[in-house]
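Working notes, beginning with the structure itself.
Please treat every number below as a calculation from the coordinates, not as lab data. The structure displayed is predicted, hence computed values, not measured ones. Virtual Cβ from ideal backbone geometry, glycine too; neighbours counted across all protein chains shown.
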Amino acid sequence: MMLSILLLLRSAVFALLKIIYRLCIVLFLVCVALPVSANTSVANESAILDNIPDDIVGAVCVIRHDNKMVMLSEVITKKMSLPGGYIDKGDTPRQAAVREALEETGINVKVVDLLQYRGRAAIFSCVADSPILVSSFEDKTGYPIVASWFAKHYATEVRRVYLIDPNSIDPQEYRYRKDALLLADWMAKTPSSDIEIYSDLSGQVNSLHRLELEWVIQLQQAVRSWPENYQTVFDGIMAVVNLPGEPLFITFLVIVVTGLYGPIGLLQLTFVLLLATFTSGLIKLGVASPRPSDIIPELQQINAYGFGFPSGHTLIATMLWGLCWYALGKRVSKVVKWLSLSLVLALIVGQAVARVWYGVHFFSDTLASVLLGLIFVAALIVWHSASRFSLQEAIINRWFWLSVTLVVGIVAGLSLAPLHTYIFAILLGVVLSVEAVPKSVVATTDMVRLKMVGIILVGLVVIGTSVELLADLSSVSLVVLVIRGTGWTLGAIWLIAGSSSLLKRLK
């Protein structure tokens, strides 16, 4: 009787999943049918808003200071664009332009005039109500930074806001390439807004962050007072201990672990990395705490986007080094185990110090990350040692991954953060391929492992290159998001199902 009930429940769940899958396809097709495109049709500049073309669905705000325009670097497309977006139901194009400018850049504006209709968007000239906060510091792009960490869409849609000379921007960097040649003309027809050059916004943060800013300044000044050769050594050490959170290092680690430990080892590493990334990303959006370099831009020594609390790099490093120490402790003597603990702690502390030294995190960001990481490590160790449904059993269980995927999918739908969408896409790939994983470790040779690493690397390069080429062809954020998400799903399937298949064929 109980078995029959379970079978019925399982059938019902599969039926529900099929319905959800079909609804997702329908929703995707509907969304793709409504892009704000940038075609070549130009309406009469004397057109008034009482005669809005029926196909206008977006509004754009041109904000100018002297010979420069306010532009933003987008999270999804990774390209530059002007502030703008869809016209919500009940809004006029003017209202939409004002709203989008505020939500994306944090700048309150008023619309001066309609410049033209471009494709399905209305282009407006706008003027800021108050001086725009522009940093005296330029990041690696070479553009002055506009303070925007308090904007509603910061870190979800917008990476950073800049003040840019439109004649200096490469059309390939601009989201709507055909419009790049029109930027200077739009700017010339837009009244100039006032700006306020700033170097320190510490008066806008809490007392703890003001105190920590002084500590960051003191740390950087102390190191810069050292002899040059000492500074070079220190910079090298910071670069090395900062590696665990870097995307290239994580990619390298994933490939090596897949080759050495197979798909089971890969699944364990995947769970750890996704747990750290998802948790830190969720807390960042919830707390919305700026980085030290957002307050005093001159503190920035490397580029880092989004909010600061907690430090994702430090959380990942704490979990990776902590779990490595646990795994090592099962293979060496107790003396070596406890002696190695000091090295592990030094690496974790080094990662935390590096993030502060680079000016992208406060001490409190890294301290919280270390504590959270240690809690996760302890929980994973206990789970790994469990007598029932241990971590080893969970990571090869499709229902476990499906449950995690549904939770992350719900969060992604609520947060609308691309990071959560990409994590959901990776988990979807895991769900689709976990059944191909051998239930036990497959014995193999070093030559087979080396071949696996090479083949897996080639496959990932092909997937990554194809995704970037396809994403570069579209100017629609939703389409780019779907393309990149599909790439993450295919990458996960290739790593898990591909490595499982290679083990069987190459052994």
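A few points about this structure:
- The alpha carbon gyration tensor of region 237-506 gives principal lengths a ≥ b ≥ c with a/c of 1.5 or higher and a/b no greater than b/c, which makes the shape oblate.
- Mean separation of Cα pairs under 8 Å and 6 or more residues apart, divided by the residue count, gives region 396-507 a relative contact order of 37 percent.
- Each of 366, 444 was scored by other Cβ atoms within 10 Å of its Cβ. Arranged with the fewest first, they read 444, 366.
- Of the cross-linked pairs 78/284; 68/152; 110/140; 330/439; 68/178, those separated by over 28 Å at the C-alpha level are 110/140.
- For the chain, dividing the convex hull volume of the Cα atoms by the residue count gives 187 Å³ per residue.
- The relative contact order of the chain comes to 14 percent, based on Cα pairs under 8 Å that sit 6 or more residues apart.
- Mean ellipticity per residue at 222 nm, deg cm²/dmol - from DSSP H runs of n ≥ 4 across the chain, formula -39500 (n - 2.57): -18500 deg cm²/dmol
- With contacts taken as Cα pairs under 8 Å and at least 6 residues apart, region 177-323 reaches a relative contact order of 27 percent.
- For region 53-77 and region 263-294, distance of Cα centres in Å: 31
- Of the two radii for region 49-198, the radius of gyration is 0.93 times the Kirkwood radius, both from the alpha carbons; that is the Rg over Rh value.
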